[in-house]
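To start, the structure under review is shown below, and the notes come after it.
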Amino acid sequence: MEKVYENYSSKSKIYNLLLKEAKKIHLEDIEMCNKIALNGQLIFSEKLNVLTHCNTGKLATGGEGTALSIILLAFKNNKVNHVYVDETRPLFQGSRLTAFELFKAGIPFSINTDSTAAFLMQQKKVNIVITGADRIALNGDTANKIGTYNLAVLCKHHKIPFYIAAPTSTIDKKCNSGKNIVIELRDKSELNSYQSKQITSNNYEVYAPAFDITPHNLITGIISEKSLHLPPFNFGSI
């Protein structure tokens, strides 16, 4: 959008040009989401119980979503039995947004606290985990909503496949590994209060990273609009 604005000399018609470019981007995103959903079907060989974290559907993208678009299409193909939705503390994107989208789609689901994921896996109620990504390094290290790394470690222990779904635009060509990703620290009000209601003392110190880094060696595969990428990840040529 910025390039369109800067490269066009006559600003009198800039509105229509920017609108045209915005619609083009929107259509590209819809197409990317559809291709991610199709490529994601490769990870379903039977009907599975899926666990997901944060929101990766229509409310997060211009199309059907990333991880959630895979789940939606798999359900249509009779490959999803049940979806476990991490509430995704501290902003509850899972319980507020993902649950809403699954309900609208008519997919069986249940909301659980983030800390319940381990117990679900221990009971063998989870067959596969699929999350989105906010940023992917060239070696496959992935930044995503805080709590994602927990799931990857749990999957490793319980021998459960852990997949990331994201468009290739998420891959940072200038970032060699997760060590180069700076994690945003959020205001303590996100933890010590909810909807302006104080739930613990404002005097207490709070550590509130918005994201965490999942090392590439814990990721079973990364699903993009181009392919199902398997280890070892090397995204320098994409």
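Here, each number is a calculation from the coordinates, and none is a lab measurement. In this text, all values refer to a predicted model and were calculated from it rather than measured experimentally. Heads up, the Cβs are rebuilt from the backbone with ideal geometry, glycines too, and the neighbour counts pull from every protein chain shown.
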Open item on the list: Need the C-alpha centroid separation for the stretch 1-61 versus the stretch 163-185, integer Å.
Closed with: 18 Å
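Among DSSP bridges having both ends in the chain, what percentage is antiparallel? Round to the nearest 5. Each step should come with its number before you reach the end.
Numbers: 11 of 29 bridges.
If we restrict to bridges inside the chain, about 40 percent are antiparallel.
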Open item on the list: Contact order normalised by length for the chain, with contacts defined as Cα pairs under 8 Å and 6 or more residues apart; what percent is it?
Closed with: 20 percent
Open item on the list: Can you compute the modelled spin-label distance between ASP172 and GLU6, with each label point 7 Å from Cα toward Cβ, in nm?
Closed with: 2.0 nm
- [ ] Work out from phi, with θ = phi - 60° and the Karplus expression 6.51 cos²θ - 1.76 cosθ + 1.60, the ³J(HN,Hα) of each residue of the stretch 170-184, listed in order in whole Hz, and give x for Gly and Pro.
- [x] 6, 6, 8, 5, 9, 10, 6, 8, x, 5, 8, 8, 8, 8, 6
Open item on the list: Quick check on the exposure proxy: order MET1, MET32 from fewest to most C-beta atoms within 10 angstrom.
Closed with: MET1, MET32
- [ ] Mind listing the long-range amide H neighbours of GLY221? Cut-off is under 5 Å, sequence gap 5 or more, other chains count too, H placed in the peptide plane at 1.01 Å from N.
- [x] PHE162, ILE164
TODO: For every helix of n ≥ 4 consecutive DSSP H residues, a contribution of -39,500 (n - 2.57) applies; sum these over the chain, divide by its total residues, and give [θ] at 222 nm rounded to the nearest 500 deg cm²/dmol.
DONE: -9000 deg cm²/dmol
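So which GluC sites (Glu not before Pro) in the stretch 90-193 pass both tests, a DSSP loop state and at most 12 other Cβ atoms within 10 Å of the Cβ? Please report the intermediate quantities before stating the final value.
Working: sites: GLU101, GLU184, GLU190; in loops: GLU184.
Taking the stretch 90-193 and a limit of 12 other Cβ atoms within 10 Å, the loop GluC sites (Glu not before Pro) found are GLU184.
Cross-link list LYS104/LYS124; LYS145/LYS179; LYS3/LYS174; LYS23/LYS174; LYS35/LYS159: which exceed 22 angstrom alpha carbon to alpha carbon?
Values: LYS104/LYS124 27 Å; LYS145/LYS179 16 Å; LYS3/LYS174 20 Å; LYS23/LYS174 28 Å; LYS35/LYS159 27 Å.
In this structure, LYS104/LYS124; LYS23/LYS174; LYS35/LYS159 exceed 22 Å between Cα atoms.
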Open item on the list: Along the charge dipole of the chain, pointing to its positive end and built from +1/-1 on Cβ of Lys, Arg, Asp and Glu, which listed residue (VAL83, SER115, ALA152) has its Cα farthest out?
Closed with: VAL83
Open item on the list: Using amide H atoms built in the peptide plane, which far-off residues or other-chain residues are under 5 Å from ASN144 H to H?
Closed with: ASP134, ASP212, THR214
Open item on the list: Restricting the calculation to Cα positions, tell me the Rg (one decimal) and the Dmax (whole number) of the stretch 58-115 in Å.
Closed with: 11.1, 33
Open item on the list: Starting from the 7 Å offset along Cα-to-Cβ, what nm value, one decimal, do you get for the label separation of SER196 and TYR15?
Closed with: 3.5 nm
TODO: List, in order, the whole-Hz ³J(HN,Hα) value for each residue of the stretch 4-11 obtained from phi through the Karplus relation with A = 6.51, B = -1.76, C = 1.60 and θ = phi - 60°; use x for Gly and Pro.
DONE: 4, 5, 6, 8, 9, 6, 8, 7
- [ ] Compare the Cα positions of PHE235, ILE128, LEU38 along the charge dipole of the chain (+1 at Cβ of Lys, Arg; -1 at Cβ of Asp, Glu; about the Cα centre) and return the one farthest towards the positive end.
- [x] LEU38
Task: Candidates GLN41, GLN195, GLN93, ranked by Gaussian network fluctuation over the chain, Cα under 10 Å, top entry - done: GLN195
Task: TYR149, TYR5 arranged by Cβ crowding within 10 Å, fewest neighbours leading - done: TYR5, TYR149
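Going by C-beta contacts inside 10 Å, put GLU87, GLU31 in order with the fewest on the left. Mind dumping the intermediate values first?
On the way: GLU87 22, GLU31 14.
Fewest to most other Cβ atoms nearby, the residues stand as GLU31, GLU87.
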Open item on the list: If I model the chain as equal point scatterers sitting on the Cα atoms and use the Debye formula, what is log10 I(q)/I(0) at q = 0.08, 0.10, 0.12 Å⁻¹?
Closed with: -0.33, -0.51, -0.71
Task: Overall dimensions of the stretch 1-139 by Cα: Rg and Dmax, Å - done: 18.3, 64
Task: Simple Cβ-charge dipole of the chain, Lys/Arg +1 and Asp/Glu -1, about Cα centre, in debye nearest 20 - done: 380 debye
